[in-house]
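Working notes, structure below.
The values are calculated or read from the model by the stated rules, or taken from the named source; none is laboratory data. Given the structure is predicted, the values throughout are model-derived calculations rather than measurements. For neighbour counting, all protein chains shown are included, and Cβ atoms are generated from backbone atoms with ideal geometry for every residue, glycine included.
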């Protein structure tokens, strides 16, 4: 968690959910042109599969879902898009799997909100690159305001057909995105200008001053969660700097219990990263007992118990990494010992994992930046379907050593307590485990961290 939860990564993509007192059935149906998989799935913001729906012979699908009002993910193969679902909806979706985002069309109940979200996702692409973290404070703040205003204008131009509460939530999320940009400025400016001593001025806005840490309507917004994450990381680092003897995970939980009273917000801050909390603590019993109070969800509690049990026998940083044996995509035998003499950066991923897929562009750039250095990149997939994995590796032109391993039988996953992915591990030139919960490729500090071990 020290290296992953509190880094600002393009993650991934979790979205909003509106809390409802009761759940109810809804109907989701549709048709897919040129399907590349035999089913679709609906996932909640914690990437839990709510429903997996098989396609019929004519590539149509239909299912009755029990959902709370809010945003979920409609997934097909490695593609997924945000959808807004609500009890009693009768919603139909049609798309061409060759270009899901641009061809997706909704009809029926909630069609206006869902067509807006699809249109918004395409619009966000046009905003990519408008932020400039290498400029001075005044120019950055002006650009950040401009991005906010562009998003607000886009919403206003489309709000006539949208539910009032939906529009209100979108506005709140835009405000959080603005604050998130402010929270990221100092760290990304340091990286982009190669000035590690840069600090924002006293006049620079504090993004946390007006932050509501208990907003359940925003609890599953990626920007909201990252903003809280950055606050937690800042507070724990501050305590460490003044010399407090502090276990990182215990420090994080202390702050969460002090600032966050909402059970839902606690769950969505902690439970996607339970594994990291156990990796970065010397007190697993205390972490386990406190996390038990952060959720009432049976599936989350089962996962917690499994991770806790595995953590008691886990491999520790500083120990020699076992010589696991794999076969790469070319069916060549690969052992981790064969990379001795090089720093090894291991990426554990899967094609169905959207946060994993979001890291790919950053991983490819990192590999290219370090291609002349003594480092080996190894990607280990948990996929169950070999052909889909091979197709993704080929289509995405993934470099490095590509390995497919069975997570049920391969001891690597159990030894490293890998339940949540993506997961990144660094080995030094002697095969020692430097960090079993390393920074993601999207973290601008990772490159310098790797160079420290390479040199």
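In this entry, residue 267 is excluded by the filter for residues that are at pLDDT below 85, outside the structural domain of residue 50 (by TED's automatic domain parsing), under 20 Å from the mean Cα position of the chain (by Cα) and within 23 Å of residue 224 (Cβ to Cβ). Surrounded by fewer than 18 Cβ atoms within 10 Å (Cβ to Cβ), outside the structural domain of residue 377 (by TED's automatic domain parsing), under 22 Å from residue 421 (Cα atoms) and in contact with a helix residue (DSSP H, G or I) (Cβ under 9 Å, 6 or more places away or on another chain), is that true of residue 285? Spelling it out, it is not the case that residue 285 is surrounded by fewer than 18 Cβ atoms within 10 Å (Cβ to Cβ), outside the structural domain of residue 377 (by TED's automatic domain parsing), under 22 Å from residue 421 (Cα atoms) and in contact with a helix residue (DSSP H, G or I) (Cβ under 9 Å, 6 or more places away or on another chain). Just checking, does the stretch 305-316 include any residue being farther than 25 Å from residue 276 by Cβ and either in the same structural domain as residue 434 (by TED's automatic domain parsing) or touching a strand residue (DSSP E or B) at 6+ places or on another chain (Cβ under 8 Å) (or both)? No.
What tally of residues in the stretch 95-126 results from selecting those that are in contact with a helix residue (DSSP H, G or I) (Cβ under 8 Å, 6 or more places away or on another chain) and part of a strand (DSSP E or B)?
First, pick out the residues of the stretch 95-126 that are in contact with a helix residue (DSSP H, G or I) (Cβ under 8 Å, 6 or more places away or on another chain): 95-96, 101-102, 104-106, 112-113, 116, 118-123.
Filter once more, so that each one left must be part of a strand (DSSP E or B): 95-96, 105-106.
Number of matching residues: 4.
Of the residues making up the stretch 81-102, those that are farther than 21 Å from residue 70 by Cβ, within 25 Å of the chain's Cα centre (by Cα) and surrounded by fewer than 17 Cβ atoms within 10 Å (Cβ to Cβ) are 98, 99, 102.
Give the residues of the stretch 156-167 that are loosely packed, with under 11 Cβ neighbours inside 10 Å and within 19 Å of residue 85 (Cβ to Cβ), sorted by residue number. Within the stretch 156-167, 161, 164 qualify. Scan the strands (runs of 3 or more DSSP E) fully inside the stretch 26-94 and keep the ones with 1 or more residues being in contact (Cβ under 8 Å) with a residue 40 or more places away in the chain, assigned by TED's automatic domain parsing to the domain that holds residue 113 and more than 27 Å from residue 267 (Cβ to Cβ). Fully inside the stretch 26-94 and qualifying: 70-76. Being assigned by TED's automatic domain parsing to the domain that holds residue 252, in contact (Cβ under 8 Å) with a residue 60 or more places away in the chain and under 20 Å from the mean Cα position of the chain (by Cα) is a condition met by no residue of the stretch 189-206. Please tell me if residue 406 is within 30 Å of residue 230 (Cβ to Cβ), at pLDDT below 90, assigned by TED's automatic domain parsing to the domain that holds residue 346 and not in a strand (DSSP E or B). Spelling it out, it is not the case that residue 406 is within 30 Å of residue 230 (Cβ to Cβ), at pLDDT below 90, assigned by TED's automatic domain parsing to the domain that holds residue 346 and not in a strand (DSSP E or B).
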